[in-house]
Structures are given as C-alpha cells and as structure tokens.
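The values are calculated or read from the model by the stated rules, or taken from the named source; none is laboratory data. Just so it is clear, the structure is predicted and the values come from calculations on it, not from any experiment. In this analysis, Cβ positions are derived from the backbone assuming ideal geometry, glycine residues included, and neighbour counts consider all displayed protein chains.
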Amino acid sequence: MGSEPKRRDVAPGKKGGWDVRTPGSSRASSHHDTQRDAIEAGRRILGNQGGGELRIKGRDGRVREQDTIPPGNDPRRSKG
C-alpha cells in the first residue's frame, strides 16, 4: 500500500446535483441529488477503503469543510 492518503471530494456535478470524485479524476465515483447524500456516500467509500480525507466543496467550488474518515468496519459479525 502506498503512503499517499486516500482522498475524495464532494463537489457540484457538471450537470447538476453533487458528485463524489477522486481529486484529479475526470469521472465521478458516484452522483447524488443532494449534497448530504454525496457526503454520506463519500464517507462510506473512504471508510470501506480504510479511511482517508473527505473535502466538501460549496457551489462555488471552494473547499468549505474537510473531514478525516476512520477505517470502516464490517457490521456483520457472523461467519459466512
């Protein structure tokens, strides 16, 4: 595993709504109608990948909030 931390941005989508994307990527990891849904998806994605940094951008494209996401846990404790 590389030393570069995992990152995702929540930003306005090109055709409306909100995107979750890897910085520098031309394609969104996911697209959502609301910023709240995109933030939840970004947190879930980073948690499943072992944690990382989530940057939340406003409609103007400027970072308005940044959050460190801890590693996620599998909610199922049963075997199989």
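Annotation note: of I39, I56, I69, the sole residue that is touching a strand residue (DSSP E or B) at 6+ places or on another chain (Cβ under 7 Å), at pLDDT below 95 and of a type in the set (A, V, I, L, M, F, W, C) is I69. Could you please find all residues in the stretch 35-64 being more than 12 Å from R21 (Cβ to Cβ), in contact with a Leu (Cβ under 9 Å, 6 or more places away or on another chain) and not aliphatic (A, V, I, L, M)? The answer is R43, G52, E53.
The selection criterion, being farther than 17 Å from I69 by Cβ and polar (S, T, N, Q), holds for S25.
Just to verify a result, which residue in the stretch 11-61, among those that are in a strand (DSSP E or B) and among the basic types (K, R), is surrounded by the most Cβ atoms within 10 Å (Cβ to Cβ)? The selected residue is R21. Within the stretch 40-71, which residues are under 13 Å from P12 (Cβ atoms) and not charged (D, E, K, R)? Those that are under 13 Å from P12 (Cβ atoms) and not charged (D, E, K, R): I56, G58, G61, V63.
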